[in-house]
Amino acid sequence: MSGTAHHHDNDFLFKYIFSTDHKMIAKQFFITGSLMGLVGMLMSLIFRLQLGYPGESFPILESFMGNWAPDGVLTADKYLALVTLHGTIMVFFLLTAGLSGTFSNLLIPLQLGARDMASGFMNMLSYWIFFISCCIMMASLFVEGGPASGGWTIYPPLSALPEAIPGSGMGMTLWLISMALFIVSQLLAGINYIVTVLNLRTKGMTMTRMPLTIWAFLVTAILGLISFPVLLAAALLLIMDRSFGTSFYLSDIYIAGKALEVDGGSPILYEHLFWFLGHPEVYIILLPALGITSEIVATSSRKPIFGYRAMIGSILAIGFISFLVWGHHMFVTGMNPFLGAVFTFTTLLVAIPSAVKVFNYLTTLWKGNIIYTPGMLFAIGLVSTFITGGLTGIILGDSALDINVHDTYFVVGHFHIVMGLSGTFGMIAGIYHWFPKMYGRMMNKGLGYAHFWLTIIGAYGVFFPMHFLGLAGVPRRYYANTEFPMFDNMYDINELITLFAILAVAAQGLFIFNVFYSMYKGPKAPQNPWRSNTLEWTTPVEHIHGNWPGEIPEVHRWPYDYSKPGADDDFIPQTVPLAEGEKDEGH
Amino acid sequence: MLNLLILIAVVLGIIALSKVVKVLEQASTVKGVQPYEVTERDNKTQANLMPVFLVLYFAFIVWQLVAWGDFMLPEAASEHGVVVDGLMNTTWIIIIPVFVITHILLFYFAWKYVYNKDRKAEYFPHNNKLEILWTAIPALVLLILILYGLSIWNETMKPLTAEDDPVEIEIYARQFDWTARYPGEDGKFGKADVKLIGGVNSLGMDSTDQNSWDDKLVKAEFVIPVNRPVQFYFRSQDVIHSAYMPHFRAQMNCVPGMVTRFNFVPTKTTEEMRDITGDPEFYYQLLCNKICGAAHYNMGMEITVVSEEDYEEWLAEQKVFMTVEGNTSAANETTTETEEEKNEQLSSL
C-alpha cells in the first residue's frame, strides 16, 4: 500500500499536470474550458442586469468590479468589454477547445481502439498552450483600459486604434496574443485528431464502422486545420497595423483630433479573413455536438441511428459548404451585390444536410425504446434548439431579408439558439453520458433531470424573445435601449429576458455541484452503464495507460446494432463477431 | 458584509444539497436499485414532461406574439421594403409549419416511445426512399426561396441611373454622430479628405473644389421627399459604423476609406406614418448598427419624409456650409477671397 502511495507521489506531476495520456488531457480540457465557460456565463449575467434594468444601481457589482461599475452601474465601455469577452470565451474557449478538447481527446482513441493519440507529447503541448492562452485572456481583464471591447469579431479600425475605445490598447494586444496561442493549440490538437483517426484504428474498424462521434470530430478537426491559420494571418496583420505602422486594414482615418498616416488598407479585408474562419467555426462547434447527440440518441433509444451513411454524408456536406458561405456575414458591408447573391445561394444550401440530420434524428426516435438518462434529455433538447435556431437561419441567410435584421437582436437570438444552445447542450449531454468513463463514477440523475428542465426553460426564455426585439429593429451591442423612443416598449421584454437569464445561470449551479459531488462521492460506475455498443465501454473503469490491459479488441460490426432482430439482448457490442449469415450495416 | 453573508449562504446551501443527495442515493441503494439506474418511474415522469414542455413552449410563443406583436416595426415605408416584407411573410409561412410539425413529432415520439421492458425497438437502420424524399423536398423548397430572394435582392441593390432623378445624400458617420450632406444646386458633392478635417469642417470638405461650395450639411435630422428615389452614399471618419433605417428596411455599413451605397424610394411621409401607427410622436430613425465605441447605443439621427414641395422648401432654407467665393446660394453673402484666403479661413475654422 505504502509502495503504491510512494509511486503515486513520484508520478503526481506527470499523472495530473504534464500528462500525455489522452484521458487526462480530456479532463484537463473539460475543467479548464468549463471554468472559462463559467466566467463567460457570469459576464453575461452582469451585462444582462444592465440591459434588463438600465442605469439601476446594483451595489454588489461595485464591490467586486470597482471602477467598472461606479455606484453599482456598469459603464458603457465596460459593458462592451464584457460583451466582447463573453463572446470570445464562449465561442472559442468553451465551445471549441472545451468541447472538442474534451470529447475528441477522450473518445477518439477509446472508440477507435487506439492506445493513445498519435502524438501524446503534442497533445500535452496543445493543452498547455491552451492553458497559457486562457491565462492571458483572463489577465487582460486587469490591464489599464480594460480588455478588448470591439466585439468578439474585433473589426478594425475599432480594434486597431486605442483612441477609438479604451479596450483597444493593452487589452487588445493581450487578446491577440491569447488568440494566436489558442490557434496554435487548436492546430496541434487538430493534426493529432486527424492522424489518429486515419492511422490508429483497431483491426476491423473501417471508416464506415466508426461511430458518428468520430466522423464529427474528424471533420471538425479538418475544418479547424484549414480555417484557423487564416484567422492567425488576420490577427498577425492586425498586430502589424496596431504596433508596426502598417495599414492593411486602415485607410482615411481621422480620430482623436488628428488624421492618421494610414492609406490604402481596407477593413473589409479583415472581415473576409475573419469570417473565412468565423463561419466554419460555427460548425467546429456544432458538428461535435451533433456527433455526440447521434451517439446518445441511438444508445438511449435502443435503436440504430437512422441513415448512418446519410449522417456521414451530411457531416461532410456541412463541412464542405461551411467554407463557401462566409460572405453572408457581410451582406451589408458594401460588398458587390453579385457576391451577396452567390453567398445567399450557398448559405441556404446548408439547410439541406441540416434538414436531413433533423429528420434522421426524428426517425431514430420513432418506434424506439427510449431510456431517459440526463444525457438523452439534453440530446433531445439539442434537436429542438437545432430546429428552432436553424430555421431562422433561412431568414438571415437570405440577403434580401438580412438587410433589415442584420446585426439586430434577431441575429443574437438565432445564433445563441442554433450554435450556443446546441453546442452547450451537446457538451452537457456528453458529460452526463461519458462521465463514468472520465471519472469512474456516476452522476446524480435527479439533479440531472432538474438541471435539464430548468436550463431549457431558462434558455428559451432568454433567447426566444430576442427574435421579437430584432423584428422591432433593436440593434445588438447597445448598452441600453433608453435613447430612442422607438424602443420604449422594449423595457418589459428586456426585463423578462434578464429574469430568465438568472434562472438559467442558477440552474447551472446544479450541474457544477453535480460534477464535483459525483467526481468524489458519486456511486462507482459499472463498466458499461448505458449498455452501449462502442469500444470505450470495453475498457476498465479505472484509467490505465494504453486503455486496454491486454490486446486491443477487434471490431466486427458497425456501432449501432441496437435491438437487432434475432439477438437476445437489445445491444451487440462492436467486438462481437458477426453470426453466420448476419449482415453488417456498416461495412 | 452582504457579500460575506451571501457567500456563507451559498456554502451552507452546497453542504445541505450534498447531504440531501447522499441520503437519497443511500435510500435508493437500500431498496436494491443503483441510484443511477433509470427506473420505470423516471422514464414515465420524463416522458410525460415532454408534451407538457411542448405545450408550454408553444404557449409561450403565442403569448409573445399577442403581447409584443404591436411592438414590431410598422409596415415598410419604402417601395422595396414592401416587397421584402412579402418575402419575409412567405418565409415565415414556410418556416412556421416546419417548426411546429417537427417539434410535435419530436416531443410526441419522445413521449410515445418511452422505454417498456416488454417491447423491443424497431430495427430500422435506413430507408433510401425516405432519405431521398427528405433531401429532395427541402432542396426544392429552398430553391424556390433562393430564386424568390435573389430576384428581390437584385432589384433592391440595382444602382439608380440619371433617369430615375434621385435625391442624392451623403451620410457621414463618426464617433458618435451623423451628418447628412446635400450636394446643392450643382448636384455634385465636393471632394473631401480626412487630412482637411479640422474645427467645424468635420467632413474634411475641400474648399478648392468648386463642387463643394454649395454643399449643405445638416445634423440631428435630415429630410427626404416621398415617392422619389433617394441615393445614399455612406462614408465614415474613424471606425466602421452602419446606417440602419429599419422603417425603410434599409441598412448599409459606413466603412472608412470607401464609399458605400444604398437607394430606396420612401413611400410614406412622416405624417402618414403617424396616422398608421397612431403615434403622434412617431418619427423615422437612423441608427448606428455596428459596434463603434462606448456611445454606440446613442448614435442616431431623425429622418423626416415630406412631400416634394415641402422638401424643396426645407432644402432652400438650409445654409450652405462654406461661405466662400463662387457660392451660388442666396443665403450667403458673396465674398471676394483668393484661393489662399479661403484655405486660411478653412484651416482657422
Worksheet item: Residue by residue, what Karplus-based ³J(HN,Hα) values in Hz, rounded to whole numbers, does the range B:81-97 have, using 6.51, -1.76 and 1.60 with θ = phi - 60° and x for Gly and Pro?
Response: x, 5, 5, 4, 4, x, 4, 4, 5, 4, 4, 4, 5, 7, 5, 4, x
Worksheet entry | Partners for B:Lys195 among lysines (Cα-Cα distance below 21 Å; same-chain residues under 8 apart left out) | A:Lys258, B:Lys216, B:Lys342
Worksheet entry | Order of A:Trp453, A:Trp275 - criterion: other Cβ atoms within 10 Å of each residue's Cβ, fewest first | A:Trp453, A:Trp275
Fill in: 5 angstrom amide H check on B:Phe264, placed H, neighbours 5+ away
B:Val230, B:Phe232
Worksheet entry | FRET efficiency, 1/(1 + (r/R0)^6) with R0 35 Å, evaluated for B:Glu271 and B:Thr208 via beta carbons | 0.25
Discussion item. Using each residue's phi in the range B:246-260, evaluate 6.51 cos²θ - 1.76 cosθ + 1.60 at θ = phi - 60° and report the 3J(HN,Hα) Karplus result to the nearest Hz, with x for Gly and Pro.
Written reply: x, 5, 9, 6, 10, 7, 8, 6, 10, 10, x, x, 8, 10, 10
Worksheet item: Tell me, A:Arg115, B:Arg249, A:Arg476 in order of fewest to most beta-carbon neighbours within 10 Å?
Response: A:Arg115, A:Arg476, B:Arg249
Worksheet item: Can you sort A:Thr539, A:Thr153, A:Thr385 by how many other beta carbons sit within 10 Å, fewest first?
Response: A:Thr153, A:Thr539, A:Thr385
Worksheet item: Considering every residue in A:158-166, what mean count of other chain Cβ atoms within 10 Å of its Cβ is obtained?
Response: 4
Fill in: A:Met240-A:Phe14 FRET efficiency (beta carbon distance; Förster radius 60 Å; 0.05 resolution)
0.90
Worksheet item: Over the Cα atoms of chain B, what is the Rg over Rh ratio if Rh follows Kirkwood?
Response: 1.19
Discussion item. How high is the relative contact order of the range A:103-247? Use alpha-carbon pairs under 8 Å, at least six apart in sequence, and give a whole percent.
Written reply: 31
Worksheet item: Given DSSP loops and a limit of at most 10 other Cβ atoms within 10 Å, what is the longest stretch of chain A that contains no such GluC sites (Glu not before Pro)?
Response: A:262-541
Item to complete: For every other residue with a beta carbon closer than 15 angstrom to the beta carbon of A:His556, add +1 if it is Lys or Arg and -1 if Asp or Glu, then tell me the sum.
Response: -1
Worksheet, complete the sentence: For B:Gly198, other-chain or 5+-apart residues with amide H closer than 5 Å (H placed, Pro excluded) are B:Gly204
Worksheet item: Angle, helix A:212-243 long axis vs. longest principal axis of chain A, Cα atoms, 0 to 90°, nearest 10?
Response: 30
Worksheet entry | Average beta-carbon neighbours from other chains, 10 Å sphere, peptide A:273-281 | 0
Worksheet entry | Cα-based shape type of the range A:169-308, given that a ≥ b ≥ c are square roots of the gyration tensor eigenvalues and the cut on a/c is 1.5 | prolate
Worksheet item: What 222 nm value per residue comes from the helices of chain B, counting each DSSP H run with n ≥ 4 as -39,500 (n - 2.57) and dividing by all residues, nearest 500 deg cm²/dmol?
Response: -15000 deg cm²/dmol
Discussion item. Taking a virtual spin label 7 Å from the Cα of A:Gln527 along the C-beta vector, which residues in the range A:431-470 bring their backbone nitrogen under 15 Å of it?
Written reply: A:437
Practice prompt. Taking the dipole about the Cα centre of the range A:22-538, with the C-beta of Lys and Arg at +1 and of Asp and Glu at -1, give me whichever of A:Phe516, A:Thr347, A:Phe415 is farthest to the positive side.
Written response: A:Phe516
Discussion item. Can you give the local net charge around A:Trp326? Use residues other than it whose beta-carbon is closer than 11 angstrom to its beta-carbon, Lys and Arg +1, Asp and Glu -1.
Written reply: -2
Worksheet item: Relative contact order for chain A: what is it in percent, counting Cα pairs under 8 Å that are at least 6 residues apart?
Response: 15
Worksheet entry | Area projected by the alpha carbon convex hull of the range A:271-421, averaged over all directions, nm² | 8.5
Worksheet item: Amide H of A:Glu585: which non-local residues (sequence gap of 5 or more, or other chain) have their own amide H closer than 5 Å, using H built in the peptide plane?
Response: A:Trp558
Worksheet item: So what are the ³J(HN,Hα) numbers for the range A:358-364, from phi and the Karplus equation (6.51, -1.76, 1.60; θ = phi - 60°), rounded to whole Hz, Gly and Pro as x?
Response: 4, 4, 5, 5, 4, 5, 5
Item to complete: Round to the nearest 10 and give me the degree value, 0 to 90, for the angle of helix A:308-321's Cα axis relative to the longest principal axis of chain A.
Response: 20
Practice prompt. Have a look at B:Trp314, B:Trp153, B:Trp134 and tell me which one the Gaussian network model of chain B (Cα, springs below 10 Å) gives the largest fluctuation.
Written response: B:Trp134
Worksheet item: If you build the Cα gyration tensor of the range A:22-538 and take the root of 5 times each eigenvalue, what three semi-axes come out, in whole angstrom, biggest first?
Response: 36, 26, 24
Fill in: Helix B:128-157 vs. chain B, principal-axis angle (Cα, 0 to 90°, nearest 10)
20
Worksheet entry | Among A:Gly66, A:Cys135, A:Ser266 the positive-end extreme of the charge dipole of chain A (Cβ point charges) | A:Cys135
Fill in: Highest average packing first - A:124-135, B:28-39, Cβ atoms within 10 Å
A:124-135, B:28-39
Discussion item. Filter A:Lys437/B:Lys112; A:Lys23/A:Lys445; B:Lys219/B:Lys268 down to the pairs with a C-alpha to C-alpha distance above 26 Å, please.
Written reply: A:Lys437/B:Lys112
Item to complete: Report, in deg cm²/dmol and to the nearest 500, the calculated mean residue ellipticity at 222 nm for chain A, where each DSSP H run with n ≥ 4 adds -39500 (n - 2.57) and the sum is divided by the residue count.
Response: -20500 deg cm²/dmol
Worksheet, complete the sentence: The computed P(r) of the protein assembly as shown puts the percent of Cα pairs beyond 37 Å at 49
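Only the coordinates and a few stated rules stand behind these numbers; no lab work does. A quick note: this is a predicted structure, and the numbers were derived from the prediction, not measured. A quick note on method: Cβ atoms are made from the backbone with ideal geometry, for glycine too, and the neighbour counts reach across all protein chains shown.
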